[in-house]
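Heads up, the thing below is written out as structure tokens.
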Amino acid sequence: MSKTPGERSLLFNITDLERQKLSKLIDYSNVQSLPEIWSLVAERFGDTVALRDPHAKPEVIITYTQLAQQIQQFAAGLQALGVKAGDRISLISENSPRWMIADQGIMTAGGVDAVRSSQADTEELLFILANSGSTALVVENFKTFKKLEERLQDLPIQLVISLSDEAPPTEETLKIVNFTQLMEIGAKHHFEQVQQTRDTLATLVYTSGTGGKPKGVLLSHGNFMHQLIAAGAIIQPEVGDISLCILPSWHAYERTCEYFLLSQGCCQSYSNLRSVKRDLKELRPQYMMCVPRLLESIHEGVQKQFREQPANKQRLINYLLGISEKYIKARRIAQGLSLEKINPSIMERLAANIQASALFPLHALAERLVYRQVREATGGRIKQLFSGGGALPKHIDDFFEIIGVEILQGYGLTETSPITHGRRRWRNLRGSTGQPIPGTETKIIDPETRKTLSPGERGLVLLRGPQIMQGYYQNPEATAKAIDAEGWFDSGDLGWVTPQNDLVLTGRAKDTIVLTNGENIEPQPIEDACLRSPYIDQIMLVGQDQRSLGALIVPNLEAIQKWAETQNLHLRLPNEAREEQSQDSIPKTSVNLESKIIQDLFRQELNREVQNRPGYGPDDRIGPFHLIVEPFSIENGLMTQTLKTKRHVVMERYRDIINGMFS
């Protein structure tokens with residue numbers, strides 16, 4: 001009989017090199033729960049800055065000593081107000097130092113927090129409050145409370161805590177306190193230590209809902225402790241290193257990485273989408289957790305600067321980028337790190353090494369002229385950017401390698417706490433999501449027969465290890481469907497493994513588009529290829545039960561306007577008033593996004609990028625397409641908080657347009 005994940009060692013399946021890397025980090029293998037971490041880091045790191053919010057007024061700076069003290073004080077305040085071990089407490093807030101204090105204060109008091117963004121839909125938040133059975137509610141501010149107030153009387157909520165210092169409303173029947181009041185209560189109350197084990201439930205994380213109603217994922221202290229121990233095989237930070245926090249802290253990916261970096265004495269500095277480019281330059285972090293969309297935004301910002309250069313300089317930059325692309329691809333083959341040639345022969349490596357050596361002088365010239373300045377925009381101290389939460393487009397991976405900013409792509413799901421795989425600095429196989437982290441097993445099976453497949457064969461990705469969730473809260477049917485009797489978790493992702501056990505993802509099983517000829521198309525790789533076009537900002541393929549693929553495209557209007565000017569055209573956007581041409585100006589033909597010349601431009605771009613994609617087949621060709629001016633975003637409900645497109649919502653929003661494309 002096979003062992004359950006809890007019975008297997010946390011660190012089996014570990015290489016000697018990883019063991020050596022882990023030995024240089026603080027060892028938490030004997031620690032049972034997250035709350036135990038904070039007294040240990042306070043003792044070790046003391047006055048080192050743990051949390052920093054440069055955007056708060058005044059700026060917030062919290063040392064490790066202060067962090068441990070405030071976490072315990074928050075926990076003591078909860079206990080004084082009646083919170084007991086095992087109580088569910090909903091934590092509805094955006095990133096801030098107080099979020100971390102509340103999160104760990106709840107766990108330290110023995111509570112289980114159900115976490116979500118304050119920007120989430122009201123009905124979704126009320127569902128989480130009800131489904132989790134929360135008896136207390138921690139909100140970012142009273143604006144968030146007002147959003148939920150009317151319906152709280154139908155729920156077992158007895159206590160509300162605001163993380164702001166606003167005066168609580170006086171007319172409420174509920175017990176309501178603000179952050180300062182809770183901390184004052186905690187300072188006067190004797191904290192009662194709560195015994196917790198690896199099996200103790202730590203949190204409820206509700207799936208982000210790219211499709212359907214969210215499910216509550218049960219994550220234990222053991223799930224998180226495995227991550228704190230095993231993540232050191234991927235990243236080896238030094239005390240005082242700065243990590244820039246841009247993703248939601250409540251999300252499993254950002255949250256686990258924050259726990260790990262704080263356990264090693266790093267400084268967590270909070271940013272936001274509006275300020276991230278400035279913060280990169282001014283705070284000069286060593287690390288940042290990213291999603292592909294954020295990296296695409298940084299890439300587009302650089303490309304925009306390139307497009308603003310004089311024509312002769314643009315030609316030089318594009319020439320050097322082309323040379324560098326050839327250089328890095330040859331270097332990968334020489335190092336045995338190319339997906340195109342998984343096992344290169346000695347002669348192939350030698351030929352690639354010769355090619356890389358020949359190209360290196362021009363690449364070095366580009367480094368001095370272009371790439372060094374580009375890196376300065378990230379602060380110039382980045383050790384690694386960590387990408388997760390979705391597939392990383394190939395051209396983005398290539399670009400950052402060219403300019404000398406290392407991206408380590410990782411993989412995992414909320415249900416896996418979340419990290420299961422990650423690329424290493426010494427084995428950064430671009431195009432893959434890396435090898436399993438210690439303690440983790442991967443199996444690829446045929447989705448129909450459930451037969452285990454060999455390396456190189458594509459199928460459904462199954463995962464097993466100490467980071468696998470305990471299950472879905474109050475949903476045994478969904479739990480049984482996700483985790484089999486041997487502990488294998490069905491990821492819902494399609495992929496294959498290399499002979500060296502690197503995982504290469506090819507798409508989501510449920511996102512697969514089936515054409516009328518029976519061909520199964522995975523949209524993500526084709527979408528990633530199309531994003532190479534400077535005129536395409538976002539794209540989503542459609543075409544289920546159609547003869548061909550179609551696409552909804554959000555164009556890069558700034559790039560199209562630049563192109564239109566080169567054609568002596570004026571691009572007229574929807575709702576734009578017609579401007580009178582001055583007598584001195586050269587008359588320009590006015591065109592809009594529906595004009596034939598613009599449609600022809602996009603047809604050429606789609607055809608070129610799709611046909612140049614490795615593994616191109618005739619069914620990959622995109623037939624009808626429609627240009628949409630409004631981007632997919634969190635604000636309009638078309639993206640999740642981690643910037644993943646909500647395909648089912650987009651399909652519903654543009655159903656008439658999609659039907660019209662294929663009529």
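The values are calculated or read from the model by the stated rules, or taken from the named source; none is laboratory data. This one's a predicted model, so the numbers in the text were calculated from it and none came from an experiment. Note that each Cβ is placed from the backbone with ideal geometry, even for glycine, and that neighbours are counted across all protein chains shown.
Matching residues to (1) of a type in the set (Val, Ile, Thr); (2) crowded, with 22+ Cβ neighbours inside 10 Å; (3) more than 18 Å from the chain's Cα centre (by Cα):
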position	(1), (2), (3)
Val217	yes, yes, no
Met225	no, yes, yes
Ala233	no, yes, yes
Gln236	no, no, yes
Arg255	no, yes, no
Cys267	no, yes, yes
Gln303	no, no, yes
Arg307	no, no, yes
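Answer yes if at least one residue in the range 98-109 is among the basic types (Lys, Arg), at negative phi, part of a helix (DSSP H, G or I) and surrounded by 19 or more Cβ atoms within 10 Å (Cβ to Cβ), and no otherwise.
Looking for residues that are among the basic types (Lys, Arg), at negative phi, part of a helix (DSSP H, G or I) and surrounded by 19 or more Cβ atoms within 10 Å (Cβ to Cβ), one finds at least one in the range 98-109, hence yes.
Pick out the one residue from Leu627, Leu638 that is at pLDDT 90 or above, in contact with a Pro (Cβ under 6 Å, 6 or more places away or on another chain) and surrounded by 14 or more Cβ atoms within 10 Å (Cβ to Cβ).
Step by step, each of Leu627, Leu638 is checked, and only Leu627 is at pLDDT 90 or above, in contact with a Pro (Cβ under 6 Å, 6 or more places away or on another chain) and surrounded by 14 or more Cβ atoms within 10 Å (Cβ to Cβ).
Of everything in the range 348-404 that's in contact with a helix residue (DSSP H, G or I) (Cβ under 7 Å, 6 or more places away or on another chain), in a helix (DSSP H, G or I) and polar (S, T, N, Q), which residue is surrounded by the fewest Cβ atoms within 10 Å (Cβ to Cβ)?
Asn353
Restricted to the range 310-347, and to residues that are hydroxyl-bearing (Ser, Thr, Tyr) and surrounded by 13 or more Cβ atoms within 10 Å (Cβ to Cβ), which residue is nearest to Trp426 (Cα to Cα)?
Residue satisfying both the conditions and the ranking: Ser338.
Given the structure, is Arg284 in contact with a strand residue (DSSP E or B) (Cβ under 9 Å, 6 or more places away or on another chain) and surrounded by fewer than 19 Cβ atoms within 10 Å (Cβ to Cβ)?
Here the answer is yes, as Arg284 does meet what is asked.
Just wondering, is there one or more residues in the range 254-273 that are modelled with pLDDT under 95, small (Gly, Ala, Ser) and in a helix (DSSP H, G or I)?
Within the range 254-273 (the criterion being modelled with pLDDT under 95, small (Gly, Ala, Ser) and in a helix (DSSP H, G or I)), the answer is no, since none of the residues qualifies.
Among the residues in the range 128-142, are any under 20 Å from Ala80 (Cβ atoms), surrounded by fewer than 21 Cβ atoms within 10 Å (Cβ to Cβ), among the hydroxyl-bearing types (Ser, Thr, Tyr) and in the same structural domain as Phe74 (by TED's automatic domain parsing)?
yes
How many residues does the range 525-562 contain that are outside any loop (DSSP other than H, G, I, E, B) and either small (Gly, Ala, Ser) or buried (at least 18 other Cβ atoms within 10 Å of the Cβ) (or both)?
Looking only at that region, the number is 22.
Pull up the range 641-655, narrow it to residues that are free of Cβ contacts under 8 Å to residues at least 60 places away in the same chain and either of a type in the set (A, V, I, L, M, F, W, C) or exposed (fewer than 14 other Cβ atoms within 10 Å of the Cβ) (or both), then point me to the one that is farthest from Gly389 (Cα to Cα).
Arg655
Can you work out which of the residues in the range 610-661 that are in a loop (DSSP other than H, G, I, E, B) and either touching a His at 6+ places or on another chain (Cβ under 8 Å) or among the basic types (Lys, Arg) (or both) is farthest from Lys213 (Cα to Cα)? If you could, list the steps in order and put the result at the bottom.
Step one: of the range 610-661, the residues in a loop (DSSP other than H, G, I, E, B) are 612-617, 621, 628-638, 640-644, 646, 654.
With the extra rule that they be either touching a His at 6+ places or on another chain (Cβ under 8 Å) or among the basic types (Lys, Arg) (or both), the set shrinks to 613, 621, 641-642, 644, 646, 654.
Values: Arg613: 35, Arg621: 33, Gln641: 15, Thr642: 17, Lys644: 16, Lys646: 12, Tyr654: 20 Å.
Ranking the qualifying residues of the range 610-661, first place goes to Arg613.
Quick check on this structure: which one of Leu51, Leu67, Leu81 is crowded, with 16+ Cβ neighbours inside 10 Å, among the hydrophobic types (A, V, I, L, M, F, W, C) and under 30 Å from Pro156 (Cβ atoms)?
Result of the check over Leu51, Leu67, Leu81: Leu81.
Inspect all residues belonging to the range 428-444 and state whether any of them is surrounded by fewer than 18 Cβ atoms within 10 Å (Cβ to Cβ), over 28 Å from Ser249 (Cα atoms) and free of Cβ contacts under 8 Å to residues at least 12 places away in the same chain. Spell out the reasoning first.
Of the range 428-444, the ones surrounded by fewer than 18 Cβ atoms within 10 Å (Cβ to Cβ) are 441, 443.
If we keep only those that are over 28 Å from Ser249 (Cα atoms) too, we end up with 443.
Keeping just the survivors that are free of Cβ contacts under 8 Å to residues at least 12 places away in the same chain gives none.
No, because not a single residue in the range 428-444 is surrounded by fewer than 18 Cβ atoms within 10 Å (Cβ to Cβ), over 28 Å from Ser249 (Cα atoms) and free of Cβ contacts under 8 Å to residues at least 12 places away in the same chain.
When you scan the range 195-203, do you find a residue that is touching a residue at least 60 places away in the same chain (Cβ under 8 Å), farther than 30 Å from Lys646 by Cα and part of a strand (DSSP E or B), even just one?
Of the residues in the range 195-203, the ones touching a residue at least 60 places away in the same chain (Cβ under 8 Å) are 196-203.
When the remaining residues are screened for being farther than 30 Å from Lys646 by Cα, the result is 196-200.
So of that shortlist, the ones also part of a strand (DSSP E or B) come out as none.
No, there is no match, as no residue in the range 195-203 is touching a residue at least 60 places away in the same chain (Cβ under 8 Å), farther than 30 Å from Lys646 by Cα and part of a strand (DSSP E or B).
Quick one: in the range 524-558, which of the residues that are small (Gly, Ala, Ser) and closer than 18 Å to Gln604 by Cα is nearest to the chain's Cα centre (by Cα)?
In this case the residue turns out to be Ala529.
Looking only at the range 621-638, which residues are touching a residue at least 24 places away in the same chain (Cβ under 8 Å) and either closer than 30 Å to Asn517 by Cα or touching a helix residue (DSSP H, G or I) at 6+ places or on another chain (Cβ under 7 Å) (or both)?
Pass one, the range 621-638, residues touching a residue at least 24 places away in the same chain (Cβ under 8 Å): 621-632, 634, 637.
Correct list: Arg621, Ile622, Gly623, Pro624, Phe625, His626, Leu627, Ile628, Phe632, Gly637.
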